[in-house]
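Trainee: Can you keep this structure in mind? I'll have questions shortly.
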Amino acid sequence: MEKLTSLKNPKVLAWRSLKEKKGREERHAFLVEGSRMVREALSSSFPVSALLLREDYVPDFPLPEGLPLYLLPDNVFRAVSDTKTPQGIAAVLALQAREASGRRLLALDGVQDPGNVGTIIRTADAAGFDGILFSPDCADLFSPKVLRSTMGSIFRLGFSFPSSLPQTLEKLKKDGFSVLSSQLDGNPFYERGAVSSSFVLVIGNEGNGVSDAVKAVATHRLCLPMRGGAESLNAAVAAGIMMYDLTR
C-alpha cells in the first residue's frame, strides 16, 4: 500500500484527468467509484490497474492481492472523485471495448444524454440483451455519469463503436437480423409482425430520433402507441418497454 498526499503527484494528476474524455482517451483508462462498482469491476474482464482508498475507508469486501493499492487523504480522494459525496473507494481500469455479439442487440443512434445511455444499458442487461452498438455521436460510454447510471451493467454486456452505424446495420440485416427502428411516424409496435430470432433494436436521438440513413436500413419502423396526451416518451423509458416486450 502506498500513501499519496499531494494533489500534484503525477499519479493523482493522471487519475483526475480521467473525469474528462480527453484524459480517458490519452491514458486509455477510466475510473469507477463506490463499493458496488468496484466489486463489479474486479469480477469483470476489464483489467484493473489500481485501487484507490480514502484513508478512513474500511472496505466491505476482501481486496484482491497483487493489485497496486493507494491510500489517499480526504482532500486528495475528493479531487480524484466525480461524486459530491464519495464512498471512499475507486478503481482504475483499462479502457477497452468488448465486441457486441449475440442474437439480441441494441443500437443507440445519437443518444446524447448520459443518464439515458446509462439507464438503457442497465435495462438492456436486465432484459437479457447481449450487446449494444453506439453511433459516433452518442454520449461517452465511459463518462462518470454514464458509468454510475449503469449500476454495474457495463461489465456484463458487449459494446461496439462502429464508424458507420447504417453500414453495420446493413451487414447485420444481410446476416439475417431484423432491424427495428423506433420512430414517431412508425407502424404500431404491438402490431409489428414477424421479427427474426436475431434482431437489433435502434433507439434514436432524444430530439431528432433515428437518423434517415438508419431508417432506410430498417426492416421494421415502429412506434409505441400514445393513448394519452403526451407526444412522445423519454428515450430510456421507450427503450425499456420495447426491450422487455421483444424478449417476452
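Read-outs throughout are calculated quantities, based only on the coordinates presented, and are distinct from any laboratory measurement. Remember, predicted model here, so these are calculated numbers, not experimental data. Reconstructed Cβ throughout: ideal geometry from the backbone, glycine too, with neighbour counts over all protein chains shown.
Trainee: Long-range amide H contacts for Cys223: which residues qualify at under 5 Å (H placed 1.01 Å from N, peptide plane, sequence gap of 5 or more or a different chain)?
Mentor: Placed amide hydrogens put Gln183, Gly186, Asn187, Phe189 under 5 Å from Cys223.
Trainee: I would also like to ask the following. Compute the signed sum of charges (Lys and Arg +1, Asp and Glu -1) over the other residues within less than 15 Å, Cβ to Cβ, of Pro136.
Mentor: Values: positive: Lys21; negative: Glu25, Asp109, Asp137, Asp140.
Charge balance near Pro136 sits at -3.
Trainee: Of the lysine pairs in the chain, how many meet both conditions: Cα atoms under 25 Å apart, and a spacing of 8 or more in sequence or different chains?
Mentor: The result is 22.
Trainee: Plugging the Kirkwood radius over Cα pairs into Stokes-Einstein for the chain, at a temperature of 25 °C and a viscosity of 0.890 mPa s, what D comes out in µm²/s?
Mentor: Details: Rh = 19.3 Å.
My calculation gives 127 µm²/s for D.
Trainee: Kindly put Ser181, Ser143 in sequence by how many other C-beta atoms sit within 10 Å of each C-beta, fewest to most.
Mentor: Numbers: Ser181 26, Ser143 20.
Going from sparsest to densest Cβ surroundings: Ser143, Ser181.
Trainee: I'm a student and want to see the number: the projected area of the Cα convex hull of the stretch 2-94, averaged over all directions, in nm².
Mentor: Numbers: hull surface 22.7 nm².
Reported value for the Cα convex hull: 5.7 nm².
Trainee: Rounded to the nearest 500 deg cm²/dmol, what is the calculated helix-only ellipticity per residue at 222 nm for the chain, with -39500 (n - 2.57) per DSSP H run of length n ≥ 4?
Mentor: Calculated from helices alone, the mean residue ellipticity at 222 nm is -9000 deg cm²/dmol.
Trainee: Please name which of Phe155, Ala41, Leu71 has its Cα lying farthest along the dipole of the stretch 37-178 towards the positive end, using unit charges on Cβ (Lys, Arg +1; Asp, Glu -1) and the Cα centre as origin.
Mentor: Towards the positive end, the residue furthest out is Phe155.
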